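Every number here is computed from the coordinates shown, using simple stated rules; none is lab data. Since this is a predicted model, take the numbers as computed values, not measurements. Quick reminder, even Gly has a Cβ in these numbers, built from the backbone with ideal geometry, and neighbours come from all protein chains shown.
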Amino acid sequence: MILAVGVGPGAPEYLTQKAKQAIQSADIILGFKPSLNTVRGFIREGTEVFESPDHPNEEKYLKYMATKSKSKKCVVLFVGDPNFSGYEFVDKISRFDEVEIVPGISSIQVAASKARVAFEDSVFVSFHKGTIDSAKGDLLTAIKSGKNVLLLPRPFDFMPKDIAKFLLENGISPEKEVIIYEYLTLNEKMTNKRLGDIKEEFSDVCVMVIKR
């Protein structure tokens, strides 16, 4: 079995106790640099650590972990929570071995708290996926139905300015209030604008809140 462990939005204090225990006891860890940076202080000496810079290496490492998981504790790290933006990768891991998910705190949850919007009055939309056409439809439906939208843009081809352009072209008011958070729990930056005024570039580590 491979553990898919959510490490939170970036700052180590957002790491759950269960995630920390999984990392401290792991024999093999795979993760992208941002997730590894969050947990480096909890990785014990002697643990095999693989940084995954691209998809071909991911597959190589996952095959290796699957061969070792019967006798060793194998962990794949996810920024935030695997259920919020990483399920395509969870499915990929499942092709090699059984997976158990250890939930984390998502930047979406942090953004909702900062923007003072309730999940019961909101819709979550993620563009962290290969095909985003259906998510675009979900976004339009949510806004037109009067919901807040908690949104993860897609680096680097469907970012806030692209999302704003798409919404304006589909009849959404340029007066709609949008809050963009970058680097939540780390070097945080908040930008509050009308939809029609979003023209600039933002970090790939960002979250959007579109107010109803």
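Beta bridges per DSSP, both residues in the range 107-210: antiparallel share near 75 percent.
Here the Karplus relation 6.51 cos²θ - 1.76 cosθ + 1.60, evaluated at θ = phi - 60°, turns the backbone of the range 200-208 into coupling constants of 8, 7, 10, 4, 5, 9, 9, 9, 10 Hz, with x for every Gly and Pro. The range 170-195 and the range 16-83 have Cα centres spaced 32 Å apart.
Net charge in the neighbourhood of Thr38 (other residues with Cβ under 14 Å of its Cβ; Lys, Arg +1, Asp, Glu -1) is 0. Pull up all non-local amide H partners of Val49: gap of 5 or more, or a different chain, and H-to-H distance under 5 Å with H placed in the peptide plane. Amide H to amide H, under 5 Å and 5 or more residues apart or across chains, Val49 pairs with Ile29.
Quick one: net charge around Lys189, please, counting Lys, Arg +1 and Asp, Glu -1 for every other residue with C-beta under 15 Å from its C-beta. Combined, the nearby Lys, Arg, Asp and Glu give -3. Listed values for the range 30-42 are Karplus-derived 3J(HN,Hα) couplings in whole Hz (6.51 cos²θ - 1.76 cosθ + 1.60, θ = phi - 60°), namely 10, x, 6, 3, x, 6, 5, 4, 5, 10, 3, x, 10, and x replaces Gly and Pro. For Lys73, the residues 5 or more places off, or on other chains, whose built amide H falls under 5 Å of its own are Asp27, Ile28.
In terms of the Cα gyration tensor, with a ≥ b ≥ c the square roots of its eigenvalues, is the range 107-210 rounded because a/c is under 1.5, prolate because a/b exceeds b/c, or oblate? Before the final figure, lay out the partial values.
Values: a/c = 1.27, a/b = 1.16, b/c = 1.10.
Judged from the Cα gyration tensor, the range 107-210 comes out rounded (a/c under 1.5).
The relative contact order of the chain comes to 22 percent, based on Cα pairs under 8 Å that sit 6 or more residues apart. DSSP beta bridges confined to the chain are antiparallel in about 45 percent of cases. The phi torsions of the range 148-156, fed into the Karplus equation with coefficients 6.51, -1.76 and 1.60 and a -60° offset, translate into couplings of 5, 10, 9, 9, 9, x, 9, x, 10 Hz, rounded to whole numbers, with Gly and Pro shown as x. Rounded to the nearest 5, the antiparallel percentage of DSSP beta bridges internal to the range 2-102 is 5%.
Tell me the volume per residue, in Å³, of the convex hull enclosing the alpha carbons of the range 2-102.
86 Å³
Taking Rg/Rh (Cα atoms, Kirkwood Rh) as calculated from this structure, the corresponding entry among (1) 0.95; (2) 0.98; (3) 1.01 is (3). Descending by average beta-carbon neighbour count within 10 Å, the peptides 164-174, 60-70 line up as 60-70, 164-174, the highest first.
When each of the peptides 34-44, 127-137 is scored by how many other beta carbons lie within 10 Å of its residues on average, the order from highest to lowest is 34-44, 127-137. Ranked by the mean number of other Cβ atoms within 10 Å per residue, highest first, peptides 77-89, 12-24, 191-203 order as 77-89, 12-24, 191-203.
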